[in-house]
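I have placed the structure first, in the form of structure tokens, so that the comments after it can refer back to it.
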Amino acid sequence: MSNNSIPYGKQHIDQKDIDAVVSTLTADFLTQGPKVAEFETAFANYVGAKYAVAVNNATSGLHLSVLALDLKPGDRVITTPITFAASANCVRYAGAEVWFADIDSETYLLSLESVKKLIESKPKGFFKGIIPVDFAGLPVNLEAFRELANEHNLWIIEDACHAPGGHFTDSKNVKQRCGNGTYADVAVFSFHPVKHIACGEGGMITTNSEVLYKKLSLLRTHGITKDNMSENHGEWFYEMQELGFNYRLTDIQSALGITQLAKNDSGVVRRNEIANTYKEAFNGKIAFQSLSVGDYNAHHLFIIEVEDRKGLYDYLRAQSIFAQIHYIPVHTLPYYKKIGYNSANLSQAEDYYSKCLSLPMYPSLTDKEQRFVIEKVNSFCGFNN
């Protein structure tokens with residue numbers, strides 16, 4: 001990609017980030033040191049949750065979450081087909097079944113009505129949990145999902161990978177920040193470079209449950225602990241109490257995460273400025289994701305819908321504008337077709353996929369670059385700027 005190209009998303013690293021990483025590189029701990037706990041505390045405070053567990057990526061975070069919630073082989077979990085594959089794959093890692101419900105055509109989020117219809121079509125206890133996704137940065141109304149989940153004794157994992165800094169307003173007129181744990185049992189965030197907070201790779205799990213926090217912490221580090229041991233031979237001694245994983249985040253990555261987190265609010269403000277400029281340019285001409293009153297979209301993505309999506313995609317690439325597609329519906333991927341999803345009736349998701357295109361969206365996108373993107377989109381679609 002040339003220096004003059006415009007990607008759909010990218011990290012923003014400044015001197016404070018560099019200094020923080022260099023300082024950690026010259027300190028005593030590169031991993032399993034104090035920066036990890038510092039990042040966890042800062043992140044929990046930021047989203048308003050009691051606990052946070054740093055992990056090496058969000059996929060690991062999703063995997064640990066389903067295990068901590070006691071997902072077993074043969075259990076069934078509902079999620080959206082319009083997401084990255086990991087939102088569904090985590091269920092398969094545990095040997096459980098993924099069931100997809102359709103999306104809302106206006107918000108592109110998992111449809112509450114579709115989920116309710118699916119749950120009520122099966123016997124009580126058929127499903128174990130729901131994984132709604134704050135897709136593109138738009139928060140799911142988790143209050144409504146919590147009401148449905150409580151009625152059917154289901155847990156909720158909020159996939160908030162796109163949405164640090166976003167919030168929805170509940171029925172009590174309280175702003176509920178993504179990942180705060182008020183309505184979801186756990187939430188998972190991503191620190192991939194194209195996301196809001198870049199750690200190279202990385203993720204965070206948040207929860208308000210001390211029980212889940214302890215399970216997540218144990219599973220993250222091989223299942224090994226020095227706490228609550230059945231015996232103790234000395235200072236060196238530890239026990240492996242569960243079959244866990246090495247899903248740790250390093251101090252180097254945590255140091256970067258801390259400085260990145262400090263800039264997230266200003267980054268989300270800039271993302272919304274960019275989104276509003278797109279909306280003003282395309283309103284009444286090109287469809288885009290809707291936003292409910294009282295909700296705040298963290299805008300990992302800005303997505304439009306056009307009939308000739310492939311044509312526009314190719315046209316923009318020829319102009320060095322590297323738009324992207326989010327996402328290929330998970331149920332249409334070869335693995336999921338192979339295990340029986342060929343006949344899934346998810347018409348809204350498939351219609352959305354045929355038209356969706358993610359335009360450049362990141363805080364360092366300049367006004368000039370955005371004007372160029374808008375000009376080229378309007379030109380292809382036959383609109384005047």
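The values are calculated or read from the model by the stated rules, or taken from the named source; none is laboratory data. Just so we're clear, the structure is a prediction, and the values are computed from it rather than from any experiment. Heads up, the Cβs are rebuilt from the backbone with ideal geometry, glycines too, and the neighbour counts pull from every protein chain shown.
For the range 189-286, which helices (runs of 4 or more DSSP H) that fit wholly inside it have 1 or more residues that are among the hydrophobic types (A, V, I, L, M, F, W, C) and surrounded by fewer than 15 Cβ atoms within 10 Å (Cβ to Cβ)?
Fully inside the range 189-286 and qualifying: 210-220, 264-282.
Filtering the range 287-313 down to residues that are free of Cβ contacts under 8 Å to residues at least 60 places away in the same chain, within 15 Å of Leu359 (Cβ to Cβ) and out of contact with any Ser or Thr (no Cβ under 8 Å at 6 or more places or on another chain), which residue is surrounded by the fewest Cβ atoms within 10 Å (Cβ to Cβ)?
In this case the residue turns out to be Glu305.
Are any residues in the range 147-157 touching a residue at least 24 places away in the same chain (Cβ under 8 Å) and farther than 30 Å from Glu305 by Cα, and if so, which ones?
Of all residues in the range 147-157, those touching a residue at least 24 places away in the same chain (Cβ under 8 Å) come to 148, 152-157.
Scanning the range 147-157 gives Leu148, His152, Asn153, Leu154, Trp155.
Would you check if Tyr362 is at negative phi, out of contact with any strand residue (DSSP E or B) (no Cβ under 7 Å at 6 or more places or on another chain), aromatic (Phe, Trp, Tyr) and surrounded by fewer than 20 Cβ atoms within 10 Å (Cβ to Cβ)?
Values: at negative phi: yes; out of contact with any strand residue (DSSP E or B) (no Cβ under 7 Å at 6 or more places or on another chain): yes; aromatic (Phe, Trp, Tyr): yes; surrounded by fewer than 20 Cβ atoms within 10 Å (Cβ to Cβ): no.
Here the answer is no, as Tyr362 does not meet what is asked.
When Asn141 is evaluated against the numbered criteria (1) over 30 Å from Lys10 (Cα atoms); (2) in contact with a strand residue (DSSP E or B) (Cβ under 6 Å, 6 or more places away or on another chain); (3) among the polar types (S, T, N, Q), which criterion, by number, is the only one it fails?
Going through (1) over 30 Å from Lys10 (Cα atoms); (2) in contact with a strand residue (DSSP E or B) (Cβ under 6 Å, 6 or more places away or on another chain); (3) among the polar types (S, T, N, Q) one by one, Asn141 breaks only (1).
How many of the residues making up the range 116-138 are touching a strand residue (DSSP E or B) at 6+ places or on another chain (Cβ under 7 Å), under 24 Å from Ser171 (Cα atoms) and among the aliphatic types (A, V, I, L, M)?
Count: 4.
Quick one: which residue in Glu201, Glu158 is touching a Gly at 6+ places or on another chain (Cβ under 7 Å), more than 18 Å from Ser292 (Cα to Cα) and among the charged types (D, E, K, R)?
Just one listed residue meets the conditions, Glu158.
Just checking, how many residues over the range 102-134 are charged (D, E, K, R), closer than 24 Å to His196 by Cα and crowded, with 21+ Cβ neighbours inside 10 Å? Steps first, please.
Of the residues in the range 102-134, the ones charged (D, E, K, R) are 102, 104, 106, 113, 116-117, 120, 122, 124, 128, 134.
From the residues that got through so far, the ones that are closer than 24 Å to His196 by Cα too are 106, 134.
From the residues that got through so far, the ones that are crowded, with 21+ Cβ neighbours inside 10 Å too are 134.
So the count comes out to 1.
Among the candidates Thr79, Thr24, single out the residue that is within 20 Å of the chain's Cα centre (by Cα) and either assigned by TED's automatic domain parsing to the domain that holds Leu219 or at pLDDT 95 or above (or both). Walk me through how you get there before you give the answer.
Working: Thr24 fails: within 20 Å of the chain's Cα centre (by Cα).
Just one listed residue meets the conditions, Thr79.
Tell me, which helices (runs of 4 or more DSSP H) lie completely within the range 1-101 with 2 or more residues that are crowded, with 16+ Cβ neighbours inside 10 Å and among the β-branched types (Val, Ile, Thr)? Working first, answer last.
Working: elements: 15-25, 34-47, 58-68, 86-93.
In the range 1-101, the matching helices (runs of 4 or more DSSP H) lie at 15-25, 34-47, 58-68.
What number of residues in the range 358-382 are out of contact with any Phe, Trp or Tyr (no Cβ under 6 Å at 6 or more places or on another chain) and either in a strand (DSSP E or B) or of a type in the set (S, T, N, Q) (or both)? Write out each step before concluding.
Residues of the range 358-382 that are out of contact with any Phe, Trp or Tyr (no Cβ under 6 Å at 6 or more places or on another chain), as a first pass: 362-379, 381-382.
Keeping just the survivors that are either in a strand (DSSP E or B) or of a type in the set (S, T, N, Q) (or both) gives 364, 366, 370, 378-379.
Qualifying residue count for the region: 5.
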